1. Within region 204-225, take every residue that is touching a Leu at 6+ places or on another chain (Cβ under 7 Å) and among the hydroxyl-bearing types (S, T, Y) and give me the one that is nearest to the ligand (Cβ to nearest atom).
2. Looking at the structure I just gave you, is L173 crowded, with 19+ Cβ neighbours inside 10 Å, assigned to a helix (DSSP H, G or I) and in contact with a Pro (Cβ under 8 Å, 6 or more places away or on another chain)?
3. Among the residues of region 228-235, is any touching a Ser or Thr at 6+ places or on another chain (Cβ under 7 Å) and assigned to a helix (DSSP H, G or I)?
4. Just give me the residues in region 162-204 being more than 23 Å from T91 (Cα to Cα) and of a type in the set (F, W, Y), in sequence order.
5. Can you tell me how many residues within region 21-38 are away from the ligand (no atom under 12 Å from the Cβ) and either outside any loop (DSSP other than H, G, I, E, B) or on the phi > 0 side of the Ramachandran plot (or both)?
6. Looking only at region 124-158, filter to residues that are more than 19 Å from A60 (Cβ to Cβ) and among the aliphatic types (A, V, I, L, M); which one of those is modelled with the lowest pLDDT?
7. Quick check on this structure: which one of K268, K229, K292 is modelled with pLDDT of 95 or more and within 30 Å of K41 (Cβ to Cβ)?
Amino acid sequence: MAKVNIPKFKLNNGMEIPALGYGTWLGMNDKFEVKMEDLTKLVDAMSYAIDVGYRHVDTAHLYRVEPEVGLVVRRKITEGVVKREDVFITTKVWQHNHREADVEASVRASLRRMGLDYFDLVLMHWPMSISVEGVDEKIDYLDTWRGFETVLQKGLVKSIGVSNFNLSQMKRLLAHCKVVPVVNQVEINLNLGQEDLVSYCKANNVQVVGFTTFGSMVGRAAPATLQPKMDNPTMLALGKKYNKTVTQIALRYLYQRGVATIPKSISKERVLENASVFDFELDNNEMATLAKFDVGYRTEKAPFWQHYENYPFEDPGVATFEIPLSLRKWKDCDNYEFE
Ligand SMILES: NC(=O)c1ccc[n+]([C@@H]2O[C@H](COP(=O)([O-])OP(=O)(O)OC[C@H]3O[C@@H](n4cnc5c(N)ncnc54)[C@H](OP(=O)(O)O)[C@@H]3O)[C@@H](O)[C@H]2O)c1
């Protein structure tokens, strides 16, 4: 079987995070329902990912897949493929668990669902606090962060971080926290370079983990004029030079910027492809050429959250519908009683 060797980035608490991990969000269909029909394929692809050498898995309470993700990890431990300490497992606390004490309840529930004793990393999924009824609870994320510091102190997690925090939210958090987050997980890709945020995080020893790293190249609606697409000549030429696909060029670019990535795929072929980006190097000119695709275009704006306190993005556009129910209430992950 093919194997990949994935390098690691050092975190500010001395731990190491593999520079590329396996993402487990199944995505949504056009009715804004999570594509649960792909769950079996996700389980197979994730098992394969660990077999070929992935050692980092990204999940969340929201994703509805914690039980299956936990099962795969435990099975791979039983099979002797990995030890628990070899795999870096991240989960996230959803928006309706932002009261300080609810953070611990959420983390304990995630541990129970996954059948694990600890997480390597737990993230505050978003800076906003929104009840299951869609009410803006306006809980300050600094208060929520104290709940994160508590679960760290209690040993339920080895490190704590945030997600979808913008630059000013990061500055405010770092000015007031006792424990500096190890990670800020944000959308980052060729069209959304996040230069200021990445520079600030680097200067302050916070590792950036990127999601939706293919941006509008893969499976997303985007303006026709937005480049690169999969057939972009610059990308194809680089792919030809290094014998890589354009998606591999995109992942490699982020790695050379010091950004960890967590691409999701339910295809074994693409699981292997995505992790096969550590055997070539883009030169400085090529990095500069790729940087020019950064036009600040965000794929995931979630405009239905724009009026909630601490919504992090500028220019959300027009909200044409309310928060999809699937982002507020769901079955099987401890809030089944709401459906
Ligand atoms: N913190 C947050 O708010 C947040 C938000 C979004 C995502 N995330 C995390 O980040 C992970 C990745 O983000 P994402 O799921 O938005 O997007 P992604 O990994 O950038 O893209 C996933 C899409 O790309 C396809 N794909 C994967 N590899 C490919 C390749 N080599 N060539 C062509 N197509 C490929 C997948 O299809 P196939 O499955 O069919 O291959 C899927 O349609 C998520 O799974 C989740 O863990 C976090």
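The values are calculated or read from the model by the stated rules, or taken from the named source; none is laboratory data. Note that the structure is predicted; figures quoted are calculated from it, not measured. Positions of Cβ are generated from backbone atoms using ideal geometry, with glycine treated the same way; all protein chains shown enter the neighbour counts.
1. T213
2. Details: crowded, with 19+ Cβ neighbours inside 10 Å: yes; assigned to a helix (DSSP H, G or I): yes; in contact with a Pro (Cβ under 8 Å, 6 or more places away or on another chain): yes.
The answer is yes for L173.
3. Our first condition is that a residue be touching a Ser or Thr at 6+ places or on another chain (Cβ under 7 Å); within region 228-235, this holds for 228, 234.
Subset that is assigned to a helix (DSSP H, G or I): 234.
Yes, because at least one residue in region 228-235 is touching a Ser or Thr at 6+ places or on another chain (Cβ under 7 Å) and assigned to a helix (DSSP H, G or I).
4. Y200
5. Residues in region 21-38 being away from the ligand (no atom under 12 Å from the Cβ) and either outside any loop (DSSP other than H, G, I, E, B) or on the phi > 0 side of the Ramachandran plot (or both): 3 in total.
6. V135
7. Values: K229 fails: modelled with pLDDT of 95 or more; K292 fails: within 30 Å of K41 (Cβ to Cβ).
Result: K268 is the single residue among K268, K229, K292 that is modelled with pLDDT of 95 or more and within 30 Å of K41 (Cβ to Cβ).
Yes or no, residue by residue, for (1) crowded, with 20+ Cβ neighbours inside 10 Å; (2) hydroxyl-bearing (S, T, Y); (3) touching a Ser or Thr at 6+ places or on another chain (Cβ under 8 Å):
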position: E16; (1), (2), (3): no, no, no
position: A49; (1), (2), (3): yes, no, no
position: H61; (1), (2), (3): yes, no, yes
position: V81; (1), (2), (3): no, no, no
position: D86; (1), (2), (3): no, no, no
position: H98; (1), (2), (3): yes, no, yes
position: D102; (1), (2), (3): no, no, no
position: R108; (1), (2), (3): no, no, no
